[in-house]
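Inspection log for the structure reproduced underneath, given as structure tokens.
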């Protein structure tokens, strides 16, 4: 876990500490907002997902389950968790959770909307999806939200299930 300091970004306060700089908004989802940033320790660009799970018990349980599972998983076709940042000193003051992950360039949904992809690319993506799912299923975990927007892709066509 990392201590925090405040960074203000377009109406979103990010309290992720001094280890992350150069923030860029990537998008918003059902569970929060996602920014990319530079990890000053490694020099790599990472994705930081900010969520506010403590507003409802179901969101809290879902976030806890996701973090617990992803911290166990170590596979090249599964998105990793590099850091978890909790904001608040006590359970009563905790509000936000920041999950730091590998930053990928796009997702399969956006890729399919923007361009046609070759049969070779389709086969390569399918191969990586199946490898990731086999790993997930071997741990007796069911994804339950597998869709193109949860399949992250980088410029090298490496795919990670999110």
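No value in this document is a laboratory result; all are computed from the given coordinates. Quick caveat, the model's predicted, so the values are computed rather than measured. Note that we place each Cβ from the backbone using ideal geometry, even for glycine, and neighbour counts take in every protein chain shown.
Extension gain residue 57-residue 123, at 0.36 nm per residue separation less the Cα-Cα distance, in nm? Provide the component values of the computation, followed by the final result.
Numbers: separation 66, 0.36 × 66 = 23.76 nm, distance 4.04 nm.
Gain on stretching residue 57 to residue 123: 19.7 nm.
Scan (1) 16.8; (2) 15.7; (3) 20.1 for the value of Kirkwood radius over Cα pairs in Å calculated from this model and give just the label.
Computed from the coordinates, Kirkwood radius over Cα pairs in Å corresponds to (1).
For the chain, take the longest principal axis of its alpha carbons; what is the angle in degrees between that and the long axis of helix 119-138, to the nearest 10 within 0 to 90?
The angle comes out near 60 degrees.
For residue 94 and residue 155 in one chain, what is 0.36 nm times their gap in residues minus the Cα-Cα distance, to one decimal in nm?
My answer for the length gained is 18.3 nm.
Indicate, rounded to the nearest 5 percent, the antiparallel portion of the DSSP beta bridges found entirely in the chain.
Restricted to the chain, the bridges split so that about 95 percent are antiparallel.
Compare the peptides 35-46, 56-67 by average per-residue count of other Cβ atoms within 10 angstrom and give them in order, highest first. If you can, show how the numbers build up before the last one.
Values: 35-46: 15.2, 56-67: 13.4.
With the highest mean Cβ count within 10 Å placed first, the list reads 35-46, 56-67.
By how many degrees, between 0 and 90 and to the nearest 10, does the Cα long axis of helix 57-72 differ from the longest principal axis of the chain?
For helix 57-72, the angle is close to 60 degrees.
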